[in-house]
Each structure stands twice: as structure tokens, then as C-alpha cells.
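Below is one structure, written out as C-alpha cells; the observations come after it.
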Amino acid sequence: MKLEKIVKITGKIELKTGLHIGAGNDSIHIGGVDNAVIKDPVTKKPYIPGSSIKGKIRTLLEWATGRAGDSNPFATTKDDDPIARIFGNGSNSGKYKVYKGGSTRASFSDCQLSEENNKKLEEIGYTEIKTEVTIDRISGTAAGAGPRSTERVSAGAKFDFEVTYKVFDKQDEENLELLLLGMKLLEYDALGGSTSRGYGRISFKDVTIEGSNKRFDDIKINNDSFKKWEFKGER
């Protein structure tokens, strides 16, 4: 196996609605926010973890290509499977140890706030607090423990986006299009938490692809987009 080239995909992620990716803090602070967003420990500014983008695009592509099954990531013994090649095999135990497809092709960087919108966001503290309450459908009154406050990055914020993609052979070159289709799917879906309530709608802006003649704006989703990569047969 020889590395032929590394393709670099860069651009901006612009928030169309507020984004919440949780910090994983289970402690409760009186008068504080119930659900805080993840922030850089040094700058205290919110960012989008590369793992969040990778995981969501992988999930969408597993659905689109018929690979979604149980709650675990797709795993296979086939070295040429496109999902396993792009994102890594879904299991490191049992029979899937025989997978020898090599290095995970796509590497997603954490997305930091773009400098171009830092001043505007700094004025409002980078985030907003949204208070929500569960309504009893019968009585029409608040149910449960009452209002909960959720922190989210405000709509309009932009983040710097970067993915590097390793190409070892012709199949990797072809699979690059599948990765770009996954990015398009993410624009149709949403990122982070509470997406069914309108959070996390995003769009990719100013996307450049170094090392390939593909253009993100030329990628379209239709009924035939994923036929080439549909899952058939045994794992």
C-alpha cells in the first residue's frame, strides 16, 4: 500500500440556526445553564469537535447506502468497503479484526470560530441561552421539572472547516465523491443536539478541494447519487 496523495478540503461552516454540542458536564449549578456548549479550555470560545462532524456524516452515509443496522457503527470484513475505508471500521473486536483496509482515509479537524465573525460574536459572548419547557398535551401546562436552559452558538456564526483525505488507489479517488455527498447530506439534516427542535442547521461555504478536480458546488443529491455505493451481501 502506497500513499499517492493527500486531498485537503477546507471552507467555512455557517450556522443557519443555533448550535448545541454539549460539554458533557453533568453537575448542576444554581442559577447556571443546564446544558452548556463545549468550549476551548484556553480561549473559552465554542468550537465544533471534528468527531461530531465525522460521526454525523458517517451516520448519514450509512443510512443513505443501506448500511445502518443496530446502534453500533457499521463494521465489515471487506477491505474495499467505502464506509470503512473513509471513516474506519466500526469494530476492533471479534470477526471484524480481519479487516485489512488500511488507514482511515478522512481526518476531521476541530472547527474553531472564524476570525471574520469574532468581533460580532464577542459582543454577545459568543453564545445565547434558550429556555425551553415541556408542555403537557392534555392540560396545556408545564410538565416535568419545569424550564431548562440550553446554551447554543448563535445563528450566523462561522467556523473554519478542514478535512484531509488520504488516497492510496483508484477506489479512494472514487470514494472522495461519497465523502462530499455526505457533506451535502449534512446540509439537508442538522448537527449537534436537539435537531428535531430546529437546532443545528448548517451550510458549507467557500469550499476548496486541493489535490482533486472535484468541486463541492457540483455535487448534487438525487435518487441515483448513492447507487454506486449501496451495500449488497454479507458484511
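All of the numbers you see were taken from the coordinates with simple rules; none came from a lab. Quantities reported herein were computed from a predicted structural model and do not represent experimental measurements. Note that each Cβ is placed from the backbone with ideal geometry, even for glycine, and that neighbours are counted across all protein chains shown.
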Potential extension, E116-N213 segment - 0.36 nm per residue separation minus Cα distance: 32.1 nm
When each of K44/K205; K12/K54; K16/K228; K39/K120 is checked by Cα-Cα distance, pairs over 27 Å: K16/K228
Ascending count of other beta-carbon atoms within 10 Å, so fewest first, for V37, V153: V37, V153
Inter-site label distance for S203 and K232 at 7 Å from Cα along Cβ, in nm: 3.7 nm
Ascending count of other beta-carbon atoms within 10 Å, so fewest first, for R58, R105: R58, R105
K120, K78 arranged by Cβ crowding within 10 Å, fewest neighbours leading: K120, K78
Theoretical FRET efficiency, 1/(1+(r/R0)^6), r = Cβ-Cβ of L3 and K39, R0 41 Å, to 0.05: 0.70
